[in-house]
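Notes for the one structure printed next.
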Amino acid sequence: MKKLKLTLVTLLAIFFVSCYEVNEEIVINENGSGSYVTKMDMSQLLEMLQTMGGEEELSKEGLDRAIDTTILMGSLMDSAKDVTADQKELLKDGKLQVQMNMKEKLMKLNVNLPFTSYGNLQKLMSGMGNSGTGIGEAFKSMFDKGGDSSSAGDLPAQPKSNQMDQLNGIFDVTANNGMLSRKANKEKLKALMEKPEMEQMKQLSSSGMEILYTTTIKFPRPVKKSDNPLIKLSDDKKTATMKYNLLEMMETPEKFSYTIEY
């Protein structure tokens, strides 16, 4: 059992630095409200879990059962540690959808965070929402058999450093009625890269691995102007899409800066 617990902890750590695909979808309404959705397919990670933990051991722990559930983030925030009051406010109305099926090698996470103002959108786009907070708590609750605190205690209540959100945090974001902008802040990047936990990200980048990231932004009105050639507009100019390798941000963050007027 101890081996399995260690495996789960290891894989959760790998999740936040490994090669997988992320789809970020932002919807902005006319009044400044909207939704910030992150979709992650971790089916390959599940295969690693099966290999490292072993089918028999996973069955003993009940992890071979199919999971298809929606978790209210507010219920997780009540007991979450190391979460600021501002983070709790941003996450309280969010939902986390979890799908896991060992037999079908399926593992998907969708995080849906509604926002009520341009100010909250700025915070979410700056990484302040830290979706890893809810994910870590959700994993802990799913792998805690019948409230067994000894089992749950060996799992991280929250990833201490969600590198994806930290990379997004190197941008200064401005959101208002008619304009959405994010500009690379070199001082923030320098401070981030000096942190020891970023060493894993550097190793991934130097090895040629990718974290494929797609950002889709739906505006209430057609886009008038965009200054980044990576951004592609839909025919009606109300949807902007940008696809890139997140790891490139460590070398050329300015490449992923933009100002969109609508």
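Can you pull out every residue in segment 30-50 that is touching a Lys or Arg at 6+ places or on another chain (Cβ under 9 Å), at pLDDT 85 or above and farther than 17 Å from Gln97 by Cα?
Within segment 30-50, Glu30, Gly34 meet the criteria.
Is it the case that segment 74-94 has a residue that's assigned to a strand (DSSP E or B) and among the hydrophobic types (A, V, I, L, M, F, W, C)? Give the steps one after another, and end with the answer.
Here is the first cut: in segment 74-94, the residues assigned to a strand (DSSP E or B) are none.
No, there is no match, as no residue in segment 74-94 is assigned to a strand (DSSP E or B) and among the hydrophobic types (A, V, I, L, M, F, W, C).
Since Phe115 meets every condition but one in (1) buried (at least 19 other Cβ atoms within 10 Å of the Cβ); (2) over 25 Å from Val27 (Cα atoms); (3) not hydroxyl-bearing (Ser, Thr, Tyr), which condition does it not meet?
(2)
Please state which of the following conditions Asp64 fails to meet, knowing it meets all the rest: (1) surrounded by 18 or more Cβ atoms within 10 Å (Cβ to Cβ); (2) modelled with pLDDT under 75.
(1)
Quick check on my filter: what residues within segment 202-235 are assigned to a loop (DSSP other than H, G, I, E, B), under 25 Å from Leu121 (Cβ atoms) and modelled with pLDDT under 95?
Within segment 202-235, Ile211 is the sole residue that qualifies.
I want to confirm something. Restricting to segment 237-260 and keeping residues that are closer than 15 Å to Asp172 by Cα and under 18 Å from the mean Cα position of the chain (by Cα), which single residue is modelled with the highest pLDDT? If you could, list the steps in order and put the result at the bottom.
Within segment 237-260, the subset closer than 15 Å to Asp172 by Cα is 249, 253-260.
Checking which are under 18 Å from the mean Cα position of the chain (by Cα) leaves us with 249, 256.
Values: Met249: 84, Phe256: 93.
Within segment 237-260, the match that is modelled with the highest pLDDT is Phe256.
Six or more apart or on different chains, Cβ under 9 Å: which pairs go from a residue in segment 30-54 that's more than 22 Å from Ala175 (Cα to Cα) and small (Gly, Ala, Ser) to one that's at pLDDT 70 or above and surrounded by 15 or more Cβ atoms within 10 Å (Cβ to Cβ)? Could you list them?
Filtered contacts from segment 30-54: Ser43/Leu106; Ser43/Met107; Ser43/Lys108.
Looking at segment 136-153, can you tell me whether even one residue there is assigned to a loop (DSSP other than H, G, I, E, B), at pLDDT below 85, surrounded by fewer than 18 Cβ atoms within 10 Å (Cβ to Cβ) and out of contact with any helix residue (DSSP H, G or I) (no Cβ under 7 Å at 6 or more places or on another chain)? Reasoning before the result, please.
First, the residues of segment 136-153 that are assigned to a loop (DSSP other than H, G, I, E, B): 144, 148.
Subset that is at pLDDT below 85: 144, 148.
Still in the list and also surrounded by fewer than 18 Cβ atoms within 10 Å (Cβ to Cβ): 144, 148.
This time we only want the ones that are out of contact with any helix residue (DSSP H, G or I) (no Cβ under 7 Å at 6 or more places or on another chain), so: 148.
Yes, some residue in segment 136-153 is assigned to a loop (DSSP other than H, G, I, E, B), at pLDDT below 85, surrounded by fewer than 18 Cβ atoms within 10 Å (Cβ to Cβ) and out of contact with any helix residue (DSSP H, G or I) (no Cβ under 7 Å at 6 or more places or on another chain).
State the number of residues belonging to segment 236-262 that are touching a residue at least 24 places away in the same chain (Cβ under 8 Å), in a strand (DSSP E or B) and not aromatic (Phe, Trp, Tyr).
8
What single numbered condition from (1) under 22 Å from the mean Cα position of the chain (by Cα); (2) free of Cβ contacts under 8 Å to residues at least 12 places away in the same chain fails to hold for Thr216?
Failing condition for Thr216: (2).
The values are calculated or read from the model by the stated rules, or taken from the named source; none is laboratory data. Fair warning: this is a prediction, and the values are worked out from it, not measured in the lab. Backbone-built Cβ (ideal geometry, glycine too); neighbour counts: all protein chains shown.
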